[in-house]
Amino acid sequence: MDLFEYQARDLFAKHGVPVLAGEVIDTPEAAREATEKLGGKSVVKAQVKVGGRGKAGGVKLAADPDEAVARATDILGMDIKGHTVHKVMIAELSPEIEAEYYVSYLLDRTNRTFLAMASVQGGMDIEEVAEKTPEALAKVPVNAVDGVDIAKAREIVAQAKFPADVAEGVAEALVTLWDTFVAEDALLVEVNPLVKTKDGRILALDGKVSLDENADFRQPDHEALEDKDAANPLEAAAKAKNLNYVKLDGEVGIIGNGAGLVMSTLDVVAYAGENHGNVKPANFLDIGGGASAEVMANGLEIILGDPDVRSVFVNVFGGITACDEVANGIVQALALLESKGEKVEKPLVVRLDGNNAELGRKILSDANHPLVQRVDTMDGAADKAAELAAAAK
């Protein structure tokens, strides 16, 4: 889960990373009081999870509270690279900056370790630094057991060739940033820029944090950090039911068991769709191994609630997941929706194979629902689902 800048700033402050004061608001008039609290001047910063805010006009200085209101009025509702601005942060003006640096920690999946990165060339696109002057970006592996104490932080600072007059301050910031990384179960913590001010302070002016949602069970506070405004309502509903669902742009709803099978199903449907008006998959939904009838019913309810879906392809290879459970889930879901008075009109193409496949097929045959079609091959089922979706467009 990627955080907004203001959320990253709050976590930094919680763990001792040096930051400036700031307050997030969602109405222009609130910018007045927030700016007054900061002494009458502020920086108005759009809160979106994408770079390039400044170039897009999403970061503006305000010389007084009235100007802060005007700036907030301009920025709220702005579209920045497809992201609508729902909130702005009213931030304290930075003291005069003498130098800008870059520091971060991330999970290095390739090498199965953690990685510290640091550069004296901060305040710019770090990917550009890595490409054009790779020697300017120090990359230091961090052992998960040993972590980052002041000695390790000094090693990182030395490899990045920080000037002597800021070395100790940057090292101290690296220790607190590591504390943030570990305590919050993050996949990435990044400060860009980390600045040295004219009065000698080291400050984190902007930051990124990405949290590991697999650790949510031990991080109850993280639920409040979710972006409810930007969340797709179908994805939010699926998450509430513990379903692994991703909304896509097509017309054929997809349900499968196992990520590999679902990915293959997306490919097969996309290929079949080329012969039927270029219809495409509408979602990724993996009901997982051992899925019960209830899980199947929940998944089907989510997909049938998607107005973009024109047909549904249920593709299950029974292993731990028994095909009779899947069939019962389909029957139960349709009955449940109809009992709620919801009009179910989208055709379902079902392919069952593997554990209890014959029993599952019999359950569907006995139910004899007019919207359910059985097709015994994956390619044939994908073609039928694409054909039905195209006919309904």
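Results for (1) outside any strand (DSSP E or B); (2) crowded, with 16+ Cβ neighbours inside 10 Å; (3) without any contact (Cβ under 8 Å) to a residue 12 or more places away in the chain, shown as yes or no for each residue.
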position	(1), (2), (3)
VAL349	no, yes, no
GLY360	yes, yes, no
ILE363	yes, yes, no
PRO370	yes, no, yes
GLN373	no, yes, no
ALA381	yes, yes, no
GLU387	yes, yes, no
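Look through region 123-153, keep the residues that are part of a loop (DSSP other than H, G, I, E, B) and over 25 Å from the mean Cα position of the chain (by Cα), and return whichever of them is farthest from LEU203 (Cα to Cα). Restricting to residues being part of a loop (DSSP other than H, G, I, E, B) and over 25 Å from the mean Cα position of the chain (by Cα), the top hit is VAL145. Of the residues making up region 236-256, at least one is in contact with a strand residue (DSSP E or B) (Cβ under 6 Å, 6 or more places away or on another chain), among the aromatic types (Phe, Trp, Tyr) and either assigned by TED's automatic domain parsing to the domain that holds TYR101 or more than 30 Å from VAL166 (Cβ to Cβ) (or both).
Restricting attention to region 215-243, the residues that are surrounded by fewer than 15 Cβ atoms within 10 Å (Cβ to Cβ) and at pLDDT 90 or above total 5. Taking the criterion of being without any contact (Cβ under 8 Å) to a residue 60 or more places away in the chain, among the hydrophobic types (A, V, I, L, M, F, W, C) and part of a loop (DSSP other than H, G, I, E, B), the residues of region 202-245 that qualify are ALA231, LEU243. Just checking, does region 62-69 include any residue being surrounded by fewer than 16 Cβ atoms within 10 Å (Cβ to Cβ) and part of a helix (DSSP H, G or I)? Yes: region 62-69 contains one or more residues that are surrounded by fewer than 16 Cβ atoms within 10 Å (Cβ to Cβ) and part of a helix (DSSP H, G or I).
On the basis of being crowded, with 18+ Cβ neighbours inside 10 Å and farther than 30 Å from GLU226 by Cβ, does ALA118 make the cut? Considered against the rule, which asks whether it is crowded, with 18+ Cβ neighbours inside 10 Å and farther than 30 Å from GLU226 by Cβ, ALA118 comes out as yes.
The values are calculated or read from the model by the stated rules, or taken from the named source; none is laboratory data. In this text the structure is predicted, and so the values were computed from the model without any measurement. Using ideal geometry, Cβ is built from the backbone for each residue, glycine included, and neighbour counts are taken over all protein chains shown.
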